[in-house]
1. Compute the Rg/Rh shape ratio of segment 29-155: radius of gyration over Kirkwood radius, all on alpha-carbon atoms.
2. Let me see the P(r) profile for segment 190-279: every Cα-Cα distance counted, bins of 10 Å, each bin given as a percent of all pairs.
3. Treat each spin label as a single point 7 Å out from the Cα along the C-beta direction, and report the Lys198 to Glu22 distance in nm.
4. Percent relative contact order of segment 161-316, based on C-alpha pairs within less than 8 angstrom and at least six residues apart?
5. Sorted from largest down, give the three principal axis spans of the alpha carbons of segment 333-393, whole angstrom values.
6. What dipole magnitude, in Debye to the nearest 20, does segment 224-350 give about its Cα centre under +1 on Lys/Arg Cβ and -1 on Asp/Glu Cβ?
7. Please report the relative contact order for segment 17-139, taking Cα pairs under 8 Å with a sequence separation of at least 6, and give it as a percent rounded to a whole number.
8. Could you work out the per residue convex hull volume over the alpha carbons of segment 27-101, in cubic angstrom?
Amino acid sequence: MALDTEPKNLLEEIKGGMQLREKHLEEQERLSLNYSGRYHRSDKRPSTPITSNHSYEYLSVMLPNIIYDNPRCMISASSGSKPDKFGLTTLGQWAQGLELACNQWSTDSEIGVTLTDLGIEFLTVWGVAMMTTMDQPGFQGVDLVPRKPLLTMLDRRHFVLDPTAKSHDPTELLGPRWEAHMWKADLDDLADDPDFDKKVLNELAGDLDLEKFDPIRKSIDIPKRREILAWDVWVPEKTMTDMPGFTGAIYTIGVSSTPDGTSKKGRYLRKERAAYCGPWGPYIMFGAHKVSGDPYPLSPTVAVAEQSEDLNAHTTAAAKSAAAFKRFAVTDTGNESDRDRMKQVRNGDIVGVDNFDRIKEMQMGGVSADQYRYIQESRDNLNRTSGLTEALRGQISRGSTATESAIADAGTQVRVAGLKRAYRQAVNQVFRSAAWFYFYGEDMIAPIGKEGERYDINEFRGGVEPGSGREEWNFFDLSLKIDAFSMEHTDQAILQKRTQDMMQVMVQASGVMPERPWVNWREPMRHMFEVINIGDADEWFNWEVLEQTQQAMMGGQPGGMPAGQMPGQDQLPPVQSPPGALPNPGTVAEQPYQRVMRGAMQGNIAGEASNLA
């Protein structure tokens, strides 16, 4: 049975989804207050002092490990030689252009900024992003405005999904049957939009329930703006078109109210429309760990929240004990002269007293040894559980051997790699959505820039519409993966070491490049530069000069030395081996380059022999 998409039923579905979402966020968002401390905002303060802010420490260490810069992707085609109908380009060549377009979009749009914000959500609770398209700026008044992908981070309280789902991934068997997000807009702006139903808009009362979208309205006076709330609900099982690039349908639901606000009724604000997105949908969940049977993920700081609260409670108690510490001297009330001398004594003075036995030193409060011991055990337990080890902080334990430190660092890196992988999977979905738009959108036009020069590509134009010659190409023949090194921070010491290693590789490789013309040196060197995250190989090598050098060494022709022109060796006639026989190195005709090298070697040997003679 298909999902009932009438406004009344969709609002009921959303209500159920919000109830499940709040069961997660009620406690989790309270924990996020610990990260910002007590002095960031007066109306959002932790209930207790934060004397051990593990959330902030964890975030400051882990965030640069999972995202630091604008990521890059690599796209390849399983059937790269498949040509278009006009024979002008192959799917593999188009995949290369698609890769350049996505990477240029990542740089131009500075998506690393949004991904950093999502990284904070990923580590503290969970985050949600939405992928859509937008007009490229600077093309106002143009008939066909080119478009580009748009990455937006949603407030987690503005997103909701099917509460019966066991996973947040719509492509999985037990994934959600619908997902939705809340938005607000000015009534006047919507009235000017021809896509919206003006009759329905006229029945809506503005400025109702806006605190659901902006909770700050409960504590701050904000003037009325004639705004309304609405929901966009994506239903993947509803098929509205057979056109490629579309999956499911989107329903826009608003709530109308009577003038006195006593009754509310869901209404379609616009006609349902086909959703321009991949099968995974327009929403992307950023979550660290999967909880079996639950569509909402688990963050590392939520998982260790109890240990963190335990440590914070005892460090707070120890801080109070330390503040109450007092050290003083006592004497009996009849020893007035000695008491006066003790009150006036200064540091370093020598003072005499009448009766030393009647003066005693005492102290009150302070932190006990048991408190210190328990705090240390609690901190060790928290760090062990969360993975925030001294090695990850850049510290080395005292007394540890180099081997012990290396083993500990290896274990730490494995745990960090798991978080990186989970975050990279979400970033992969971001790039898959961007690639989807570029693949199917004929209005998706991307300038490639300098990087496209080596492929003779100035700009990428998307679209597989009829007449493009690319109608038979399939997006799922492409494979996309994120270049992990492009997301990470490289400190100066590591960058210096990598540069030195790269210089050594260049010196060694440049000596054999002219002698190995059958190797396409451009691609392995480009890949090596990408792996170590150092600039562009084309800025380090002049490939045209290399090609000219190779041709000069091979007798002026790119295929090899012409027959009869080999130094130190006469032309050898080709020798055919019997069918099925194994090649005999002494009889099989050598390739031109092999003859050149063998002749040169023989010439050198002859020269050395003559010198010895």
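1. On the way: Rg = 21.3 Å, Rh = 18.3 Å.
Over the Cα atoms of segment 29-155, Rg/Rh equals 1.16.
2. 15, 37, 30, 15, 3
3. Simple spin-label model gives 3.8 nm for this pair.
4. Details: 263 pairs, mean separation 34.9, N = 156.
About 22 percent, as a whole number.
5. 61, 23, 14
6. On the way: 18 positive and 15 negative charges, 153 e Å.
For segment 224-350, the charge dipole is close to 740 debye.
7. 22
8. Details: hull volume 13.3 nm³, N = 75.
Spelled out: Cα convex hull of segment 27-101, divided by residues, is 177 Å³.
Since every read-out is calculated from the coordinates, none of them should be taken as a lab result. Just so we're clear, the structure is a prediction, and the values are computed from it rather than from any experiment. For neighbour counting, all protein chains shown are included, and Cβ atoms are generated from backbone atoms with ideal geometry for every residue, glycine included.
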